[in-house]
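Input: a single structure, listed below in C-alpha cells.
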Amino acid sequence: MRRFAVRFLLLAGFAVLSLALPAAAGAAGEKTAATPDPAVSPVFGVSIPEGYRGWQLIAVSHRTDNKDELRAILGNDIIMKAYRAKTLPFPDGSMIAKLAWKREPMKEFAGAWMPGVAPRIEFMVKDSKKYASTGGWGFGRFIDGKPADEAAHKSCFPCHQANVKDHDFVFTRYAP
C-alpha cells in the first residue's frame, strides 16, 4: 500500500508541474502561445526559413552605394523553376534569400575581395493573397538573427515598387 501511495504522489506531482511550467515559462519571458515569436518580421510576419542556405544561387551582386557589400541571392525550388522558365509573375510559394557581407580585401590576392562581416540577411516570400497590398510579397530583414524594426520593413516595398514593378517587384535577374 505504501508503494501505491508513493507512486500516486509522484504522478500527482508531475501533473502539477506539467500544468505550472508553461505558465512559469510565460512569466519568465519565454515564448508561449500567447507571446509573439521574436524571430518574425514586423509588418509581414516573415521568419527565417529553415534550410535556406541549401537553396540554389539565383545571382550575385555588388553594391558600392551600400558600403561595398557582396551579396548572394538564393531561391527556393519554386522560384528557381519560374526563373528558368522565365515565368512572371512568380508563383505563390516563391522565396528569395539575400545574404550580404561587407567586402574585405583578400590578403593572398591583391585586387580580389572576399566576404567579411555579415550585416544582415533578407527574405522575400510570395503569397498573393496574404501580401496583396505589397504586390504579393512579404519581406523579412534580420540583423544577427533578429528582425529589423517596423520602419525598416515599411521601407522595402516602396523601393521595389518604384524600381522593379515590371519584374514582379524583384530586383534580381537570373544568372544562368
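What the table shows:
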| item | result |
| --- | --- |
| So ALA24, is it modelled with pLDDT of 95 or more and more than 25 Å from HIS153 (Cα to Cα) | no |
| Number of the condition not met by ALA100 [criteria: (1) modelled with pLDDT of 95 or more; (2) touching an Asp or Glu at 6+ places or on another chain (Cβ under 8 Å); (3) part of a strand (DSSP E or B)] | (1) |
| Residue tally, condition in contact with a strand residue (DSSP E or B) (Cβ under 7 Å, 6 or more places away or on another chain) and at pLDDT below 95, over segment 107-142 | 8 |
| Some residue of segment 155-174 being closer than 19 Å to ILE48 by Cα, in a helix (DSSP H, G or I) and touching a residue at least 60 places away in the same chain (Cβ under 8 Å) | no |
| Filter result (of a type in the set (Lys, Arg), part of a helix (DSSP H, G or I) and out of contact with any strand residue (DSSP E or B) (no Cβ under 8 Å at 6 or more places or on another chain)) within segment 48-88 | LYS81, ARG84 |
| Conditions (1) surrounded by 14 or more Cβ atoms within 10 Å (Cβ to Cβ); (2) assigned to a loop (DSSP other than H, G, I, E, B); (3) more than 18 Å from the chain's Cα centre (by Cα): number failed by GLY45 | (3) |
| Complete set of residues in segment 85-132 that are of a type in the set (D, E, K, R) and either under 19 Å from TYR52 (Cα atoms) or surrounded by 13 or more Cβ atoms within 10 Å (Cβ to Cβ) (or both) | ASP92, LYS98, LYS102, ARG103, GLU104, ARG120, GLU122, LYS126, ASP127, LYS130 |
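The values are calculated or read from the model by the stated rules, or taken from the named source; none is laboratory data. Since this is a predicted model, take the numbers as computed values, not measurements. Counting neighbours? That spans all protein chains shown, and the Cβs are built from the backbone with ideal geometry, glycine included.
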